[in-house]
Structures are given as structure tokens and as C-alpha cells.
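One structure is given below, encoded as C-alpha cells.
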Amino acid sequence: MESVKIDMETKIIKIENVKHQAAAIEAAAAVIKSGGIVAFPTETVYGLGANGLSAEASAGIYEAKGRPSDNPLILHISDMKMLESIAAEVTTAAKKLLAAFCPGPITLILKHKPVVPLRITGGLDTVGIRMPDNDVARALIKSAGMPIAAPSANISGRPSPTTAKAVYRDMKGRIAMILDGGPCTFGIESTIVDCTSTVPTVLRPGAITMEMLAEVLGRVQLDGALSGGDSIPKAPGMKYTHYAPRVPLTLLEGVPEHMADGFAKAIAKFEAEGHTVGLIASREIAEILQHEPTYVYGDQGDIDAIAACLYEALRSFDDVPVDMLLGEGTTDKGLGLAVMNRLHKASGFRTIKV
Ligand code: TXA
Ligand code: MG
């Protein structure tokens, strides 16, 4: 890979009130319009934004992230007119999803018009389109007056950032500006739905759950590669290593009643082998184990809370002297499907059944 310059001054601008800070939003939009990169908050995770209709501007994103060039970018829009300017056809499924969930944490895959550069789509005839439900994001897109291409604002392979501080940690010196809109509400990336297939297909689970989609669409399926099949994932990004903490993570999976015992045994085994172990676990398990260091990710079964801090949990061990992590699995129902998808990827599918 080409060497990346990391000597740029990266400005962080705190946005407390979009209406009162129009000048700051305009300054960020000016960076985008001139071909630069601005990191911005969304309701899912922070994005790394550039002019979505410029191949050259988007090339800067791949460089800053160290991202493989065949992995396409999502275009972020602020209104339906922008959608019509880039989508060749808005399918029936897409219309239903737009009405039910947009703006919100969902990305629609649709056939694109020729204005969308090949560099953004990785050469596919489709493009991911998303209308974020976040004031700062919407104001930025509106002020730029164009779709903004944005992947999650992490170095490729690392956990996605859910705070401006986490963005700064990965992107310092690599991008011009970070808009700090506080922590993200959902904490995991949008649900991706392929709206071009006969049966709408979820390529990446997220906060808009299978159950919610089924209610609106009737039929919906999970991409075979996600449900344990060995087919190649349809979202090119899903085949890469992802969300990896600094040290290896092993996931404990099983019923809550067996968790504490499973953890105790695993900790004893790994410590006997000379490892220093960190834990990511529920409050209930942490209270029983009294192990240091432990990141408490929420109450057992409180999936909303767990999703919101999952990536912070993985990043929290960046500077802690441990050489392995043990994480507590959750249910895979509802939002749990997305949480377990991210935990499986973060652990490279290393699991212990308890
Ligand atoms: O919540 C989100 O979606 C965040 C925020 C910033 O909006 N963005 C995000 O982007 O997660 P990124 O680039 O980190 O992940 C986008 C995923 C990748 O796995 C990519 O391969 C897939 O979407 N994707 C993009 N365009 C696609 C297409 N035309 N067909 C199939 N998959 C696509
Ligand atoms: Mg990403």
C-alpha cells in the first residue's frame, strides 16, 4: 500500500447546537466541497466523509483508512431529491423501507445512475444509500449540497468509532476536521438491505432488526454468508477482518446461568498458561467474578445498552496491559443478531461454548 501522510493538522469542532453553529457546519461543508475529508457523527457510528460524486475525493478516504479499494462506500443523503439523483430505480421494497425507517440506521442497496463514480461502488452496478438520523450529519450533507460518501471513521480492521475521541485516535494527522457531536446513539453500523434482489436481503444486521423488516416487507432473508453458510458475503466489506481489538478476543457463548462458571474456568486456564486476561462482560457476571480488568458493557440482556458501548469496550483495552480478552456473548434475537455478528467478527470466530 502507498504510504499515507499523517502530518495534517486535525481540527476537532464541538457541535452543541446545529442551528446556532451554522458557520462551523459551513466550514466543514467547505472542506468537503474542496475535496477534503471531514469526520462526522451519525446515529450509528462516526463516518469519514468526502464528496460522494468525486472519484478523487473518495480516493482520499481509502488512503486515510488504509481500506482495500474493492470495498465500496455508502452515500449519505439529506433528502429524497438526493436519492433520486443517484438511484437508477427505487424498488417497491426500497419505497417501503424509506417510508418506515428513513431517516434512520438503515442502508439501502439500489442500482445507481452513471453520476456515481466507479471508485465509490468498487465497480458494482449498485450503491449503498443511507439517510442518517443525526442533526449534525444532515446539516453537513445539506450544506455541502451533495451526497457524502462515508465509511466508518476507523483505521481499516479496527472497531468503528462511536466518539470523536476514538476518531481522533485513529485519524489524527490523516484528515482535516472532526465534528464532535457527542457519543453515537446506537453504537453499531446501519442495517444493510439489498433492495434489488427478488427477496430483500440483509447483508449486515443492525438496529433495524430482521423482525422489524419482516413486519414492513413481509418476506426478508439474511445473506447466506451471515447465517453460517460458506457462500461469499454480498457486502464486499463483510469478508474482511473487522472490529478487531488490539489483543485477541475469545467469546463465551451459552445460557446466562452457565456464564460465570464458564468464565471462571477459562480465566483459570489462561492464567495458568501465563496470560494476562481482560474481560468484557455484563454487570451480573462482573459482580460474581470480581476480576481486574473488566469492562462492564451493561446489564445482562440489555442489548440496546450493550450495542451502544460495544466498540468502546473493545477500544478500552488499547492501553491496558493484557494479552488476551474474554467476552460474554448475548442472545442473537432482535438487535442481538447485530451485536453477535460484530462480536464474532471481532473475535475471528474464536468461541468457547459454556
Ligand atoms: O452506519 C453506517 O452504515 C456507517 C455510518 C458512517 O453511516 N457506515 C459504514 O460504512 O458502516 P462502512 O464503509 O464501514 O461499511 C459499509 C459496508 C461495507 O461492508 C461495504 O462492503 C458494504 O457496506 N457496501 C457498500 N456498498 C455496497 C454495495 N453496493 N453492495 C453491497 N455492499 C455494499
Ligand atoms: Mg466500517
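The values are calculated or read from the model by the stated rules, or taken from the named source; none is laboratory data. As the structure is a computational prediction, the values presented were derived from the model and not from experiment. Don't worry about glycine lacking a Cβ; one is built from the backbone with ideal geometry, like all the others, and counts go over all protein chains shown.
With respect to T126, is the statement that it is of a type in the set (V, I, T), away from ligand 2 (no atom under 16 Å from the Cβ), assigned by TED's automatic domain parsing to the domain that holds E84 and touching a residue at least 60 places away in the same chain (Cβ under 8 Å) true? Yes.
Those residues that are outside any helix (DSSP H, G or I) and small (G, A, S), I need them from the range 121-163; list them, please. The answer is G122, G123, G128, G145, A149, A150, S152, A153, S156, G157, S160.
Cβ separations smaller than 7 Å between residues 6+ apart or across chains give the following pairs from the range 242-271 residues that are touching a residue at least 12 places away in the same chain (Cβ under 8 Å) and away from ligand 1 (no atom under 16 Å from the Cβ) to residues that are in a helix (DSSP H, G or I) and of a type in the set (G, A, S): P245/A346; L249/A346; L252/G262; L252/A266; G254/G262.
For the range 234-280, residues that are β-branched (V, I, T) and surrounded by 19 or more Cβ atoms within 10 Å (Cβ to Cβ) total 2.
For the range 316-340, a residue qualifies if it is assigned to a helix (DSSP H, G or I) and either among the basic types (K, R) or touching a residue at least 60 places away in the same chain (Cβ under 8 Å) (or both), and the qualifying residues are L337, A338, V339. Taking every residue in the range 84-99 that is among the charged types (D, E, K, R) and pairing it with any residue that is in a helix (DSSP H, G or I), at least 6 positions away or on another chain, the pairs with Cβ-Cβ distances below 7 Å are K96/V216; K96/L217.
Quick check on the range 73-90. Is at least one of its residues under 16 Å from I192 (Cβ atoms), surrounded by fewer than 23 Cβ atoms within 10 Å (Cβ to Cβ) and in contact with a helix residue (DSSP H, G or I) (Cβ under 6 Å, 6 or more places away or on another chain)? No, the range 73-90 contains no residue that is under 16 Å from I192 (Cβ atoms), surrounded by fewer than 23 Cβ atoms within 10 Å (Cβ to Cβ) and in contact with a helix residue (DSSP H, G or I) (Cβ under 6 Å, 6 or more places away or on another chain). Restricted to the range 176-229, and to residues there that are acidic (D, E) and under 19 Å from the mean Cα position of the chain (by Cα), the residue that is farthest from I74 (Cα to Cα) is D180. Restricting the range 121-132 to residues that are more than 16 Å from L48 (Cα to Cα) and more than 6 Å from ligand 1 (Cβ to nearest atom), the residue that is surrounded by the most Cβ atoms within 10 Å (Cβ to Cβ) is G122. Within the range 140-156, the set of residues being under 16 Å from A64 (Cα atoms) and away from ligand 1 (no atom under 11 Å from the Cβ) comprises just one member, I155.
Residues being assigned to a strand (DSSP E or B) and surrounded by fewer than 23 Cβ atoms within 10 Å (Cβ to Cβ): count how many of those fall in the range 281-315. Matching residues across the range 281-315 total 3. Screening the candidates G49, G66 for the property of being within 15 Å of ligand 2 (Cβ to nearest atom) and crowded, with 24+ Cβ neighbours inside 10 Å yields one hit, G49. Scanning the range 179-199 for residues that are touching a Lys or Arg at 6+ places or on another chain (Cβ under 7 Å) and more than 16 Å from ligand 2 (Cβ to nearest atom) returns D180, D194, T196, V199.
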